[in-house]
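As structure tokens, the structure follows; a few thoughts come after it.
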Amino acid sequence: MARITLRQLLDHAAEHDYALPAFNINNMEQGLAIMEAAEAVNSPVIIQASRGARNYANDIMLARMIDALAEIYPNIPVCMHQDHGNGPATCATAIQYGFTSVMMDGSLKADAKTPADYDYNVRVTRAVVDMAHWVGASVEGELGVLGSLETGMGEKEDGHGFEGKLGHDQLPTDPDQAVEFVKTTQVDALAIAMGTSHGAYKFSRKPDGAVLAMGVIEEIHRRLPNTHLVMHGSSSVPQEFIDLVNKYGGNMPNAKGVPEDQISMAVRNYGVCKVNIDTDLRLAMTAKIREVFATKPAEFDPRNYLGPAREAITKMVQRKLHMLNSAGKADEITRHWEKLGRPLPRYYSKPKAA
Ligand SMILES: [Zn+2]
């Protein structure tokens, strides 16, 4: 009932000066925690699932879980998004299972590890746009390869990410190419590469302009002021959670993320409307579970460690919703649609079985 597409959500965000964090899920605790947080601060949300998550949870389980979350929280507009689709089939099946938005990541080939050339990227992204737009779903494309500008290395997440080492000519998004890419493919949002990478080890030190290329976003936004930009790998990896993990038996030395003030700046000034955050939720969850195991070694009821973990995720999600200023906007979206004289849209009709 309250499902919304990425395009509808990001159009509203761009118009009202805020951005949406996109949170990855693969289980019930994460799903409930995210929605609890969204309801508490009256924010719309983007929930996304990678191919790895779809494999882990099973498509049917994920689809029913999203149905359940939308039913439990009817007032929260929720966009269900495929993270890093590796080909048209992945995107098509996501839409079949109720996703309202897909990412076609044509920066890598279908094996999700070989960097692809520009023509391949355009071809495969355009094919997905044609297909998704038939049924009203949105498409995020990616130009440039996500990876560290410090080391030239990618960080594999859920089996996705290039292998080996790439040069500065291949990693960051080329602003000229971005203009042509958006025009040719007609994507609804564009993920750009500017030095962020997936995981908890994005930088070896607090990042400066050489390794976190904010100038790239600035330039792309200047040339494409009406395109919704997406930052991937944008967890902040808060030190207090790394400390907790390490205090309770973990081993995560030197984990570093994207500073929250840099993300806020990109949202305020450079057209960034969607910020992907996965690691921070994993960290919050893991830190809490470790704490329970370390301080209550006799505990063996999963609810007594998954419950606190869920609360930790809820707090982290609230922090992000406030940071990106989407808190307070759920009602506004509903009112916006009411003003147009119709309820929040059902974005598409489910395909009929052949
Ligand atoms: Zn990503």
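Derivation of every value follows stated rules applied to the coordinates shown; laboratory data play no part. All figures in this text were calculated on a predicted structure; none of them were measured in a lab. As a convention, Cβ positions derive from the backbone with ideal geometry for all residues, glycine included, and neighbour counts pool all protein chains shown.
Computed about the Cα centre, the dipole magnitude for the chain is approximately 560 debye when only Lys and Arg (+1) and Asp and Glu (-1) carry charge, each at its Cβ.
Over 23 Å apart at the Cα level, from the set Lys256/Lys320; Lys206/Lys288; Lys165/Lys256; Lys274/Lys329; Lys156/Lys329; Lys109/Lys183, are Lys206/Lys288; Lys156/Lys329. Taking amide H as placed 1.01 Å from N in the peptide plane, Leu108 has its amide H under 5 Å from the amide H of Ala116, each at least 5 places away in sequence or on another chain.
Taking amide H positions as modeled 1.01 Å from N, with prolines and chain starts lacking one, the residues under 5 Å from Ser138 and 5 or more places away or on another chain are Leu6, Arg7, Ser101, Val102.
Relative contact order, whole percent, for the stretch 32-81 stands at 58, derived from Cα pairs under 8 Å and 6 or more residues apart. Electrostatic tally near Asp169: other residues with Cβ closer than 15 Å to its Cβ, Lys and Arg +1, Asp and Glu -1, net -2.
From Cα pairs below 8 angstrom and at least 6 apart in sequence, can you work out the relative contact order of the stretch 1-134, rounded to a whole percent? It comes to 24 percent, rounded to a whole number.
Placing R0 at 56 angstrom, the Cβ-Cβ distance between Gln177 and Glu71 gives a FRET efficiency of 0.85 after rounding to 0.05.
Can you figure out the FRET efficiency of Lys206 with Val41, using R₀ = 22 Å and their beta-carbon distance, to the nearest 0.05? According to the calculation, E is roughly 0.15. Here the chain carries DSSP beta bridges of which approximately 10% are antiparallel, counting only pairs with both residues inside.
From its DSSP helices (H runs of at least four residues, each -39,500 (n - 2.57)), the chain gives a residue-normalised ellipticity at 222 nm of -14000 deg cm²/dmol. Counted by Cβ distance under 13 Å from Ile46, the other residues give a net charge of +1, where Lys and Arg count +1 and Asp and Glu count -1.
Summing +1 for each Lys or Arg and -1 for each Asp or Glu among the other residues whose beta-carbon sits under 10 angstrom from that of Glu219 gives -1. Highest-first packing order for the peptide set 94-101, 274-281 is 274-281, 94-101, based on the mean count of other beta carbon atoms within 10 Å. Rounded to the nearest 0.05, the FRET efficiency derived from the C-beta distance between Lys113 and Gln186 at R0 = 45 Å is 0.95.
Taking every C-alpha pair closer than 8 Å and separated by at least 6 residues, the mean separation divided by the residue count of the chain gives a relative contact order of 22 percent.
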